[in-house]
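Peer 1: Structure incoming, see below.
The values are calculated or read from the model by the stated rules, or taken from the named source; none is laboratory data. Source: prediction; values computed, not measured. Glycine also receives a Cβ, built like all others from the backbone with ideal geometry; neighbour counts cover every protein chain displayed.
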Amino acid sequence: MGQPVLLRNQGQLKRILLTLLLLNLALPVHSADWPQWRGQGRDGSSSETGLLAKWPEGGPALAWKISGLGAGFSSVAVAQGRIVTQGQRVGHEFVAAFDVASGKKLWETATGESYEEERGSGPRGTPTVDADQVFAEAADGTLVSLDVKTGKIIWSVNFVKDFGGEIPGWGYSESPLVEGENVIVTPGGTRATVAALDRSTGKPVWMLKQGEGAGYSSPIVGQVMDVRIFVVFTSSSVMGIRTSNGDLLWRYDKVSNDTANIATPIYRDPYIFVSSDYGTGCALLKMANSGTKVSASEVYFNREMRNHYSTSVVAGGTVYGFSSDILTAMNLATGKVAWRDRSVGKGSVTLADGKLYLLSEDGVVGLAEATPTGYKEISRFSIPAGQFNTWAPIAISNGRMYLREQDNLYSYFIK
């Protein structure tokens, strides 16, 4: 039987403690990655706690700032120590990866053709990182699968050429959804309104031929009893689709407008919340599974929450989002408004540690309590405003806050 080792002096004890500390720091930690559009749950919220209760004047400490992303409204995915986003320079769009700690570029891969628009050019969607692959969609409808470590293209398809889709008026803006072995996208059109592609090859597993164009929204996944369902907001309607075979289960068009359906649907079992602007409004749908049929019925429709380009978040039964240009808190179950406030100005909202992280399209960053009792702002600061609006929402991962403003990306310490 082994004998205990006696420490001869304090110096030996200190050296051993230091060694143990260094070993502990080298061990993998449970991360709070932000691997896709709107975070792990695709709901705009982070599970992190212990974040700064308020910010110093001028904002949290800046870890680093990088430039050179070019044009685009893509937000960031953060996973496996990498930040992945999209940008555009003359001639092409690209996907690029950067080191989380330093901001150093790890790789860059050209993807789709340049997309030009007078109110802001470049890619709109956010990449999705899943296992060893990155999936990214360019504004011209080019979808690529890349190796997450090297950026090498594994496969590439184009929604227009390969699926008969039509580029929406402001470009394809979707962020791909990974579900098991499939990648879910919305090419639009008669051949493939929605499609599930094999993640290894890019080949179609199934295609829903509904004849609706692509919206500017991104798909989510929900479940009713034992049935997994994709919820997709197209140019004409919100649809519930069986994940296994692409069967259309239900369709709702009251919340759709004739201009641009942009906000991502929100799933809160068994409810779906969806909203659009241009004078339209929001709806709460309740999904049900009778055993022979899956349906969705309207709980309410009103004009109290009209999400334009940004999506709401939900905390404690309250929906927080920008109804057009006014930050609004609304009871999810009833649709009754709790409060409205001009806040930082029209923008986007992310939820973390019981607080709303707000980013205006003019570069004003705000921190406020997520409470239905009234707007309670804690802190604010600004980043320099560019030529075009700051539309990419805040991403929060592993104690850092990421802000994308066209050519620039900021990383702040918020732990």
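Peer 1: Determine which member of the set 13, 51 is out of contact with any Ser or Thr (no Cβ under 8 Å at 6 or more places or on another chain), surrounded by 10 or more Cβ atoms within 10 Å (Cβ to Cβ) and modelled with pLDDT of 50 or more.
Peer 2: Going through 13, 51 in turn, just one is out of contact with any Ser or Thr (no Cβ under 8 Å at 6 or more places or on another chain), surrounded by 10 or more Cβ atoms within 10 Å (Cβ to Cβ) and modelled with pLDDT of 50 or more: 51.
Peer 1: Just to be sure, is residue 257 without any contact (Cβ under 8 Å) to a residue 24 or more places away in the chain and either within 22 Å of the chain's Cα centre (by Cα) or surrounded by 16 or more Cβ atoms within 10 Å (Cβ to Cβ) (or both)?
Peer 2: yes
Peer 1: Sticking with this structure for a sec: Do we have residue 152 as among the basic types (Lys, Arg), surrounded by fewer than 17 Cβ atoms within 10 Å (Cβ to Cβ) and closer than 21 Å to residue 74 by Cβ here?
Peer 2: Yes; evaluated as a whole, the condition is true for this residue.
Peer 1: Let me ask you something else. Restricted to the stretch 272-306, and to residues that are farther than 18 Å from residue 235 by Cα and of a type in the set (D, E, K, R), which residue is surrounded by the fewest Cβ atoms within 10 Å (Cβ to Cβ)?
Peer 2: The residue in question is 293.
Peer 1: Further, regarding this structure: With respect to the numbered conditions (1) closer than 27 Å to residue 43 by Cβ; (2) assigned to a strand (DSSP E or B), which one is the sole condition not fulfilled by residue 125?
Peer 2: For residue 125, the failing item is (2).
Residues checked against (1) aromatic (Phe, Trp, Tyr); (2) out of contact with any Phe, Trp or Tyr (no Cβ under 6 Å at 6 or more places or on another chain); (3) at pLDDT below 95:
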{"residue": "180", "(1), (2), (3)": "no, yes, no"}
{"residue": "185", "(1), (2), (3)": "no, yes, no"}
{"residue": "192", "(1), (2), (3)": "no, no, no"}
{"residue": "199", "(1), (2), (3)": "no, yes, no"}
{"residue": "204", "(1), (2), (3)": "no, yes, no"}
{"residue": "209", "(1), (2), (3)": "no, yes, no"}
{"residue": "216", "(1), (2), (3)": "yes, yes, no"}
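Peer 1: Looking for whichever is at pLDDT 95 or above, within 23 Å of the chain's Cα centre (by Cα), more than 20 Å from residue 388 (Cβ to Cβ) and aromatic (Phe, Trp, Tyr) here; the options are 375, 357. Which one fits?
Peer 2: Among 375, 357, only 357 is at pLDDT 95 or above, within 23 Å of the chain's Cα centre (by Cα), more than 20 Å from residue 388 (Cβ to Cβ) and aromatic (Phe, Trp, Tyr).
Peer 1: Further question: Applying the selection to the stretch 225-245, what residues are in a strand (DSSP E or B) and either among the small types (Gly, Ala, Ser) or surrounded by fewer than 19 Cβ atoms within 10 Å (Cβ to Cβ) (or both)?
Peer 2: 227, 228, 240, 242
Peer 1: What is the residue count in the stretch 204-224 for residues that are out of contact with any Pro (no Cβ under 9 Å at 6 or more places or on another chain) and surrounded by fewer than 22 Cβ atoms within 10 Å (Cβ to Cβ)?
Peer 2: Of the residues in the stretch 204-224, 7 are out of contact with any Pro (no Cβ under 9 Å at 6 or more places or on another chain) and surrounded by fewer than 22 Cβ atoms within 10 Å (Cβ to Cβ).
Peer 1: A further question follows. Only one of (1) hydroxyl-bearing (Ser, Thr, Tyr); (2) touching a Ser or Thr at 6+ places or on another chain (Cβ under 8 Å); (3) closer than 30 Å to residue 301 by Cα is not met by residue 397, so which one is it?
Peer 2: Among (1) hydroxyl-bearing (Ser, Thr, Tyr); (2) touching a Ser or Thr at 6+ places or on another chain (Cβ under 8 Å); (3) closer than 30 Å to residue 301 by Cα, the lone unmet condition for residue 397 is (3).
Peer 1: Condition check: over 26 Å from residue 189 (Cα atoms) and either part of a strand (DSSP E or B) or in contact with a Gly (Cβ under 6 Å, 6 or more places away or on another chain) (or both). Does residue 78 satisfy that?
Peer 2: Details: over 26 Å from residue 189 (Cα atoms): yes; either part of a strand (DSSP E or B) or in contact with a Gly (Cβ under 6 Å, 6 or more places away or on another chain) (or both): yes.
In short, yes.
Peer 1: Still on this structure, I have one more. If you take the residues in the stretch 99-112 that are in contact with a Ser or Thr (Cβ under 8 Å, 6 or more places away or on another chain) and not in a loop (DSSP other than H, G, I, E, B), which one is surrounded by the most Cβ atoms within 10 Å (Cβ to Cβ)?
Peer 2: Per the criteria, the residue is 112.
Peer 1: For the stretch 358-378, does any single residue satisfy the condition of being basic (Lys, Arg), in a strand (DSSP E or B) and at negative phi?
Peer 2: For the stretch 358-378, residues basic (Lys, Arg), in a strand (DSSP E or B) and at negative phi: absent.
Peer 1: Residues in the stretch 332-354 that are more than 23 Å from residue 60 (Cα to Cα) and either under 18 Å from the mean Cα position of the chain (by Cα) or not in a loop (DSSP other than H, G, I, E, B) (or both): how many?
Peer 2: Of the residues in the stretch 332-354, 5 are more than 23 Å from residue 60 (Cα to Cα) and either under 18 Å from the mean Cα position of the chain (by Cα) or not in a loop (DSSP other than H, G, I, E, B) (or both).
Peer 1: Is the stretch 288-296 home to any residue that is touching a strand residue (DSSP E or B) at 6+ places or on another chain (Cβ under 7 Å) and either aromatic (Phe, Trp, Tyr) or under 24 Å from residue 46 (Cα atoms) (or both)?
Peer 2: No; the residues of the stretch 288-296 include none that is touching a strand residue (DSSP E or B) at 6+ places or on another chain (Cβ under 7 Å) and either aromatic (Phe, Trp, Tyr) or under 24 Å from residue 46 (Cα atoms) (or both).
Peer 1: Within the stretch 155-174, track down each residue that is surrounded by fewer than 21 Cβ atoms within 10 Å (Cβ to Cβ) and acidic (Asp, Glu).
Peer 2: Hits for the stretch 155-174 are 162, 166.
Peer 1: For the stretch 134-148, which residues satisfy the criterion of being touching a residue at least 24 places away in the same chain (Cβ under 8 Å) and either in contact with an Asp or Glu (Cβ under 6 Å, 6 or more places away or on another chain) or not aliphatic (A, V, I, L, M) (or both)?
Peer 2: Within the stretch 134-148, 135, 137, 138, 140, 141, 142, 143, 145, 148 meet the criteria.
Peer 1: Of the numbered conditions (1) at negative phi; (2) in contact with a Lys or Arg (Cβ under 6 Å, 6 or more places away or on another chain); (3) not hydroxyl-bearing (Ser, Thr, Tyr), residue 233 satisfies every one except a single condition; which is it?
Peer 2: For residue 233, the failing item is (2).
Peer 1: Being free of Cβ contacts under 8 Å to residues at least 24 places away in the same chain, farther than 18 Å from residue 392 by Cα and in contact with a strand residue (DSSP E or B) (Cβ under 8 Å, 6 or more places away or on another chain) is true for just one of 81, 103. Which residue is that?
Peer 2: None of the others qualify; the one that does is 81.
Yes or no, residue by residue, for (1) within 23 Å of residue 41 (Cα to Cα); (2) at pLDDT 95 or above; (3) small (Gly, Ala, Ser):
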position: 61; (1), (2), (3): no, yes, yes
position: 81; (1), (2), (3): yes, yes, yes
position: 92; (1), (2), (3): no, yes, no
position: 104; (1), (2), (3): no, yes, no
